[in-house]
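One structure below.
We did not get these values from a lab; they are worked out from the coordinates using the rules stated. In this text the structure is predicted, and so the values were computed from the model without any measurement. Counting neighbours? That spans all protein chains shown, and the Cβs are built from the backbone with ideal geometry, glycine included.
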């Protein structure tokens with residue numbers, strides 16, 4: 001396993017191969033793909049532009065709708081959204097919509113296109129707490145509507161989960177940098193390394209016309225039986241550590257990943273790519289109702305992760321953990337140097353003195369709004385993008401915009 | 001988001017953009033044309049209107065397509081004649097279109113067997129509100145030999161009919177040429193002498209696309225038989241571009257409406273650069289719908305921005321001067337191909353084509369599966385460049401032929 005952690009696993013299309021893929025598109029009437037994006041992306045429109053060799057027009061279609069188009073192109077579980085109803089499946093397999101979007105946004109970057117424009121100034125200011133996908137999209141939408149936007153980010157760089165939670169072989173930092181720079185270019189000011197607590201939130205509420213809280217669900221959870229176990233580490237903590245060190249971490253000889261979601265697959269694949277000999281992913285769910293996206297599962301398998309489904313941990317003693325099958329009479333014992341627990345995350349909104357339960361409404365209280373994973377709905381980047389757009393709309397309405 | 005002015009002036013008429021439907025099945029009634037205008041097209045050449053007593057009786061089926069590997073519709077064959085609706089219905093549609101879309105350009109295509117018919121039709125479509133007339137002198141599948149492409153190869157007849165149209169109407173008028181002719185210039189010249197203000201080129205090319213091998217009948221099959229009829233689509237673009245260039249060459253400055261295989265903004269730009277001012281499209285619309293105009297316009301706007309021009313008129317004919325007679329081309333040097341071994345995937349197609357189709361100048365390393373070029377044999381034809389599936393072969397060293405004057409540095413290759 002000498003695969004470079006920082007190198008994108010999935011190869012990019014070239015100018016020749018993109019025309020083959022776009023040529024597979026049937027250019028449907030009332031295209032199903034364009035009706036199934038949580039963020040309102042219109043793949044039928046931009047694929048048609050590619051088919052008719054209007055790459056710049058394709059970039060306008062993507063970017064005009066999504067400030068994180070290059071990110072979504074790489075991380076969106078398109079199999080569950082736009083590709084789900086693809087008519088091409090009636091012939092062979094769906095169009096690789098994410099791959100085409102990646103080609104187009106790469107083209108946009110290479111040709112230095114400036115598609116988004118700052119709106120005429122309203123003279124009003126909005127503070128955004130959290131520089132993750134929802135906060136970034138909200139910033140872009142508000143800037144286009146003419147608001148001043150300051151983003152408060154606790155880490156050194158904005159990006160949130162995009163930078164800390166998604167491995168670089170799926171989403172290189174460079175892509176996040178370019179998306180962030182584009183939003184900065186629209187006039188966003190980033191206050192990085194600034195943790196916002198309850199007192200600071202009160203301050204922001206006074207200093208700004210509106211505050212958007214988009215802090216995400218970055219608090220790691222761990223199973224009680226692994227509390228204080230020195231060999232256990234939460235999935236997002238592990239991925240953040242790898243991301244921070246660019247893959248240069250101390251490697252265990254073998255590792256067990258517990259969980260069956262995307263974070264579990266990412267952690268397991270990362271361990272393999274970094275060179276860990278044995279990586280076993282044990283998941284309570286059975287493969288038939290797996291939570292991880294099909295593509296993530298396939299990537300883990302392609303990188304030789306051992307996946308054992310249907311087993312839940314029942315007992316742990318140092319490096320040894322015992323699992324039992326949920327339905328069958330079957331037990332499993334594994335000894336490992338590292339246990340990565342990808343068993344869910346909690347909202348980070350508690351620190352701000354806000355109710356940590358999922359928000360139902362994006363208008364929280366007074367001039368405070370919420371967006372992103374702390375709001376009910378899908379916990380995907382593309383869902384966060386839409387929540388960011390919704391919050392920007394709500395704030396604009398609240399502040400007297402059209 | 002790009003925003004450029006795509007408007008053009010053609011024969012004194014203002015088009016908000018150069019994209020028009022050509023006279024064909026795609027502009028056959030009010031509903032179609034209204035949808036087309038709504039989609040953003042600049043103009044429509046309504047399906048050719050004939051005299052009241054000329055009855056249209058079509059065959060079924062009436063189309064065929066040439067395909068190649070995975071690409072449908074490389075070329076398209078159709079056997080439809082002119083508008084099948086009655087003269088009154090067509091004129092009523094023209095009236096309604098002009099009434100509801102006063103800012104869009106409406107062009108009436110007409111065709112008749114006699115001078116009297118041409119004159120009368122010109123008068124009728126003018127009264128109905130058309131902005132311009134196009135004379136269809138070129139449909140290759142008419143059931144009457146007094147109409148269609150047979151007429152279009154006869155300069156004197158064309159001139160007479162043009163004069164007749166001018167007697168019937170003072171509207172700007174273009175004559176639509178048949179490509180089923182060796183030299184289009186004498187016919188175009190005759191039309192201009194007869195009063196035509198501009199030329200539309202090209203109509204479809206006489207063709208047989210495919211033959212059913214078991215039944216031994218050309219396609220489409222109509223009760224066991226078939227007929228020669230007009231060919232269009234991407235495959236005819238090179239032929240159309242050639243005629244447009246030759247018209248501009250033979251009749252400098254002649255206003256042209258370009259037709260033939262336009263699908264993308266790049267195709268459109270090529271027609272403009274070779275001298276067309278407006279552009280007409282049918283086959284791509286039949287295959288993909290009116291919606292293609294979105295990328296035609298947006299792509300062309302981006303091209304204008306890249307080229308730094310604010311008016312499309314600045315691009316019209318910009319490439320004409322760079323087409324010269326073959327005998328005047330610089331034959332003093334050779335450009336050798338250059339192989340990028342990192343891009344090369346070792347398929348050997350360049351080797352096969354060079355040996356079997358060119359000058360046996362590529363040597364093939366069996367071990368490494370990589371080509372190299374023997375400059376003693378290579379003539380610089382660049383067949384290898386064209387067959388390479390990964391574009392790993394480019395232009396390399398330029399060398400003067402023995403005894404020729406000049407230096408490689410001054411060659412624009």
Once a ≥ b ≥ c are taken as the square roots of the eigenvalues of the Cα gyration tensor of the range B:1-102, is the result rounded (a/c under 1.5), prolate (a/b larger than b/c) or oblate (a/b not larger than b/c)?
oblate
Please report the spacing between the Cα centers of the range B:209-256 and the range B:57-102 in Å, no decimals.
16
Work out, in µm²/s and without decimals, the Stokes-Einstein translational diffusion coefficient of the range A:220-344 at 10 °C, 1.306 mPa s, Rh from Kirkwood over C-alpha pairs.
111
Using DSSP, restrict attention to beta bridges with both residues in chain B and report what percent are antiparallel, rounded to the nearest 5.
50
Can you give the angle from 0 to 90° between the axis of helix B:292-307 and the longest principal axis of chain B, with both taken from C-alpha atoms, to the nearest 10?
50
Quick one: Debye curve from the C-alpha atoms of the range A:93-150, no solvent, what's log10 I(q)/I(0) at q = 0.22, 0.23, 0.25 Å⁻¹?
-0.90, -0.93, -0.97
When Cβ neighbours within 10 Å are restricted to other protein chains, what is their mean count per residue of peptide A:56-67?
3
Return an integer: the convex hull volume of the alpha-carbon atoms of chain A, in Å³ per residue.
148
Give the Rg/Rh ratio for the protein assembly as shown, taking Rg as the radius of gyration of the Cα atoms and Rh as the Kirkwood radius, to two decimals.
1.06
Can you order the peptides A:269-278, A:190-199 by their average number of other Cβ atoms within 10 Å per residue, highest first?
A:269-278, A:190-199
For the range A:15-110, what size does the Cα cloud have along each of its three principal axes, sorted from largest down, in whole Å?
35, 28, 21
Given C-alpha coordinates of the range B:201-332, what is the ratio Rg to Rh with the Kirkwood estimate of Rh?
1.08
Distance between modelled label sites at residue B:63 and residue A:194, nm, 7 Å Cα→Cβ extension:
6.1
Jot down the per residue volume, in cubic angstrom and as a whole number, of the convex hull over the alpha-carbon atoms of chain B.
172
Classify the range B:330-410 as rounded, prolate or oblate from the Cα gyration tensor: take a ≥ b ≥ c as the square roots of its eigenvalues, call it rounded if a/c is under 1.5, otherwise prolate when a/b beats b/c and oblate if not.
prolate
The protein assembly as shown - share of DSSP beta bridges that are antiparallel (%, nearest 5):
40
I'd like the orientation of helix B:155-168 relative to chain B: the angle between its Cα long axis and the longest Cα principal axis, in ° from 0 to 90, rounded to 10.
40
Taking the 0 to 90 degree range and rounding to the nearest ten, how far is the long axis of helix B:237-250 tilted relative to the main principal axis of chain B, both from C-alpha atoms?
80
Packing-wise, with mean Cβ within 10 Å as the measure, how do A:281-288, B:55-62 rank, highest first?
A:281-288, B:55-62
Extension gain, residue B:213 back to residue B:1 (0.36 nm per residue minus Cα-Cα distance, nm)
71.1 nm
Inter-chain shielding metric for A:46-54, i.e. average beta-carbon neighbours from other chains within 10 angstrom, reads 6
Would you give the gap between the C-alpha center of the range A:328-402 and the C-alpha center of the range A:78-156, rounded to a whole Å?
18
So for each of B:173-184, B:16-27 I average, over its residues, the number of other beta carbons within 10 Å; can you give me the resulting order with the highest mean first?
B:16-27, B:173-184
Quick note, the range B:40-80: a/c under 1.5 would make it rounded; otherwise a/b > b/c is prolate and the rest oblate (a ≥ b ≥ c, C-alpha gyration tensor); here it is oblate
Can I get the semi-axes of the range A:82-192's equivalent ellipsoid? Compute them from the C-alpha gyration tensor as square roots of 5 times the eigenvalues, in angstrom, largest first.
30, 18, 14
In peptide B:289-299, what is the residue-averaged number of other protein chain Cβ atoms found within 10 Å of each Cβ?
5
